[in-house]
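Structure first, then comments.
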């Protein structure tokens with residue numbers, strides 16, 4: 001992963017540079033002393049990961065993260081204070097490291113970043129295709145991904161429900177889940193996967209899609225709440 005260090009403190013930059021040198025998967029492209037310098041670097045260079053301080057003169061690390069928006073690299077905050085942890089994670093950063101940073105903890109954060117990159121690559125591969133083929137009664141049928149309402153496990157088979165009909169596939173729910181874009185589908189029960197944008201309403205531990213009521217297992221409620229676009 002190509003990374004840059006953004007920190008106004010020289011000693012902090014030296015410490016981070018030493019940590020980066022001990023992680024083979026990281027390639028340090030640049031050291032920036034403030035957010036504006038980081039912005040200039042990002043305009044000219046493809047960067048995978050920012051090791052970003054929060055309290056800097058002018059534009060803070062939090063401000064920079066907001067300014068970069070959705071097209072930003074992955075971000076690991078490296079700060080001397082814990083005060084900003086909640087706000088930081090609300091910005092969906094990879095990790096929040098408090099100085100002085102130990103090497104094992106730094107490696108753990110980098111591994112999380114690497115996993116996020118690999119996950120994004122897999123999602124992009126799947127989402128390039130707007131359809132899937134299912135083998136239903138010996139016949140391969142094409143189904144638009146956007147037509148899938150939910151999937152229901154039934155023993156050694158899975159029902160793929162669409163507005164028009166359902167298709168019966170000889171497979172496990174897990175194997176099908178791995179082939180669907182995670183940004184569009186969510187496991188809510190050991191027997192059900194739902195299309196998030198097809199949910200009509202959620203009430204008392206159940207999801208309604210059209211006329212169908214689908215149970216939500218307690219173990220999946222937290223993940224469901226995180227994925228909902230709540231106002």
Next item on the list: Check segment 115-131 and report whether any residue there is over 20 Å from residue 47 (Cα atoms), without any contact (Cβ under 8 Å) to a residue 40 or more places away in the chain and surrounded by 14 or more Cβ atoms within 10 Å (Cβ to Cβ).
Entry: no
Check: Pairs, please: C-beta under 8 Å, at least 6 apart or cross-chain, first residue more than 16 Å from residue 68 (Cα to Cα) and in segment 84-101, second in a loop (DSSP other than H, G, I, E, B)?
Finding: 84/54; 96/84; 98/80; 98/81; 98/82; 99/80
Next item on the list: Give the residue, chosen from 159, 179, 174, that is outside any strand (DSSP E or B), assigned by TED's automatic domain parsing to the domain that holds residue 223 and without any contact (Cβ under 8 Å) to a residue 24 or more places away in the chain.
Entry: 174
Check: For segment 162-171, what are the residues that are touching a strand residue (DSSP E or B) at 6+ places or on another chain (Cβ under 8 Å), modelled with pLDDT of 90 or more and outside any strand (DSSP E or B)?
Finding: 162
Notebook entry, point to check: Where in segment 1-99 are there helices (runs of 4 or more DSSP H), lying fully within it, with 2 or more residues that are in contact with a helix residue (DSSP H, G or I) (Cβ under 9 Å, 6 or more places away or on another chain), exposed (fewer than 15 other Cβ atoms within 10 Å of the Cβ) and in the same structural domain as residue 110 (by TED's automatic domain parsing)?
Noted result: 61-68
Notebook entry, point to check: Could you say whether any residue in segment 118-130 is within 22 Å of the chain's Cα centre (by Cα), modelled with pLDDT of 90 or more and at negative phi?
Noted result: no
Item checked: Among the residues listed as 214, 209, 196, 202, the single one being in contact with a helix residue (DSSP H, G or I) (Cβ under 7 Å, 6 or more places away or on another chain) and over 30 Å from residue 117 (Cβ atoms) -> 209
Next item on the list: Among what's in segment 206-231 and is assigned to a loop (DSSP other than H, G, I, E, B) and surrounded by fewer than 11 Cβ atoms within 10 Å (Cβ to Cβ), pick the residue that is modelled with the lowest pLDDT.
Entry: 231
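The values are calculated or read from the model by the stated rules, or taken from the named source; none is laboratory data. This is a predicted model, so every value here is computed, not measured. Using ideal geometry, Cβ is built from the backbone for each residue, glycine included, and neighbour counts are taken over all protein chains shown.
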